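Notes to accompany the following structure.
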Amino acid sequence: MPSQLSRRAVIRSLTSAAAAGVVSHPMYAILSPQARGDRPTGQQRGEMGRISGAFRRQFSVPAVSVAISRDAQFVYDEAGGMADKEHALQVSQSSLFRIASVTKPITSVTIFTLIEKGKLNLTDKVFGPSGIFGNKYGKPPYKQYVTDTTVDQLLTHTCGGWASGANDPMFQHNGWDHDKLISWTIENQALTYPPGQHWAYSNFGYCVLGRVIEQVTGQPYESYVQANILAPCGITDMRIAGNTLRQRAPNEVVYYGQYDENPYNMNVTRMDSHGGWIATPSSLVQFLDHVNGFANMPSLLKPETIRIMTMPSPVYPNTDGAAYARGWMVRNNGAGNWWHSGSLPGSTTIMVRTATGLCWAALTNTRTEPSSQIDSALDNMMWSMARSVPQWGA
């Protein structure tokens with residue numbers, strides 16, 4: 001199966017989310033009395049482990065790691081399977097995984113913090129003389145619609161082209177850096193639709209947003225996000241992934257392709273702002289808790305900013321009540337669940353914030369073909385695990 005996903009497969013993967021041997025974590029020792037009361041019983045934990053094990057067996061998943069919080073308190077954090085089969089290394093809750101497109105909400109939140117600081121506007125043009133970059137990328141005269149593209153259209157995947165699929169720029173010219181790839185793309189891949197009128201999932205659009213963050217902050221994307229988004233959440237272990245097995249970070253799992261997929265022949269480092277982070281599920285849950293905000297935990301963003309960030313795109317092909325907003329899939333116009341899934345050769349991931357105060361993340365180190373099946377199964381696994389504890393109200 002190719003690394004790229006078709007538009008139909010992307011929509012299936014995104015909309016499926018939020019549809020419906022393990023090791024204990026020392027974090028339980030510091031839970032509040034209320035949170036300890038929310039912990040699953042031994043019988044419930046056994047059922048959750050059974051559900052996770054069935055998923056692993058069905059899809060030949062070497063390792064899966066899961067974290068769940070309720071009202072900003074961790075109530076479940078488990079990992080099972082092998083982080084490295086060749087060396088018989090068991091996965092743990094501190095094992096790092098590529099998170100693939102679960103990166104996109106992180107980039108979106110970063111953009112919105114810059115908007116709150118007055119450094120950006122959703123309506124800002126990106127390319128050309130009146131754009132954020134000026135003529136940094138490509139050469140005038142630009143192709144049709146390029147200089148009309150705004151920050152908001154990149155966030156909502158409505159720039160009019162540069163879509164995932166067979167011609168996804170992010171899976172071409174692996175030896176090129178961001179600057180060369182962006183210049184080549186805007187010169188050689190024409191936008192098919194006027195910006196704002198057509199939805200097409202665009203990894204390249206979020207790559208450009210990473211460069212927007214760098215342009216307005218004067219800092220590399222990775223270090224800016226680490227210092228200004230992740231650190232305030234108490235997250236210290238996240239970083240941008242390497243490309244090869246030898247570039248694997250300390251405590252990072254090994255990725256296993258299926259159906260001839262190779263997890264180590266992509267430029268994942270270049271995917272930084274659309275699919276490049278590595279993380280633990282517990283770090284992603286901490287991020288979700290701080291974006292959502294709770295009584296004892298202020299949100300990273302103002303309520304009005306969150307409302308705009310989770311407002312669905314009017315041109316998203318909505319089929320079942322779920323819609324893409326700005327870096328998040330949402331239900332009920334943002335008042336319901338928010339989530340994002342991720343998929344790369346060797347990686348299947350999901351991150352969910354429910355309207356009932358639950359936040360969870362699940363990460364694996366493989367992908368099957370067709371990828372939509374394991375995407376849906378991972379989502380269903382998490383909902384089934386959460387519903388094993390009735391008091392959580394999943």
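Values computed for the structure shown
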read-out	value
Near pairs, Cβ below 6 angstrom, 6+ apart or cross-chain, from the range 125-138 (on the phi < 0 side of the Ramachandran plot and charged (D, E, K, R)) to any residue that is part of a loop (DSSP other than H, G, I, E, B) and open to solvent by 10 Å² or more (accessible area, probe 1.4 Å)	LYS125/GLY131
Tally of residues being of a type outside the set (D, E, K, R), surrounded by 24 or more Cβ atoms within 10 Å (Cβ to Cβ) and at negative phi across the range 76-104	8
Single match in VAL225, VAL146 (criterion: more than 26 Å from GLY342 (Cβ to Cβ), open to solvent by less than 10 Å² (accessible area, probe 1.4 Å) and modelled with pLDDT of 95 or more)	VAL146
Boolean, ARG353 is under 15 Å from the mean Cα position of the chain (by Cα) and open to solvent by 10 Å² or more (accessible area, probe 1.4 Å)	yes
Contacts under 7 angstrom Cβ, first residue in the range 290-314 being on the phi < 0 side of the Ramachandran plot, partner in a helix (DSSP H, G or I) and of a type in the set (D, E, K, R), 6 or more apart	MET297/ASP289; LEU301/GLU116; LYS302/GLU116; THR305/GLU116
Filtered residue count, the range 209-265, keeping only those that are more than 26 Å from ILE132 (Cβ to Cβ), more than 19 Å from the chain's Cα centre (by Cα) and polar (S, T, N, Q)	6
Residue in the range 105-128 that is least open to solvent (accessible area, probe 1.4 Å), counting only those that are among the β-branched types (Val, Ile, Thr) and assigned to a loop (DSSP other than H, G, I, E, B)	VAL126
Qualifying residue in the range 235-247 (condition: within 28 Å of GLY81 (Cα to Cα), at pLDDT 95 or above and among the basic types (Lys, Arg))	yes
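The values are calculated or read from the model by the stated rules, or taken from the named source; none is laboratory data. The model shown is predicted, which means the values in this text are computed figures rather than measured ones. All Cβ positions, glycine included, derive from the backbone under ideal geometry; neighbour counts span all protein chains shown. Only protein heavy atoms, including side chains, enter the accessible area calculation; ligands, DNA and RNA are left aside. Shrake-Rupley method; radii C 1.70, N 1.55, O 1.52, S 1.80 Å.
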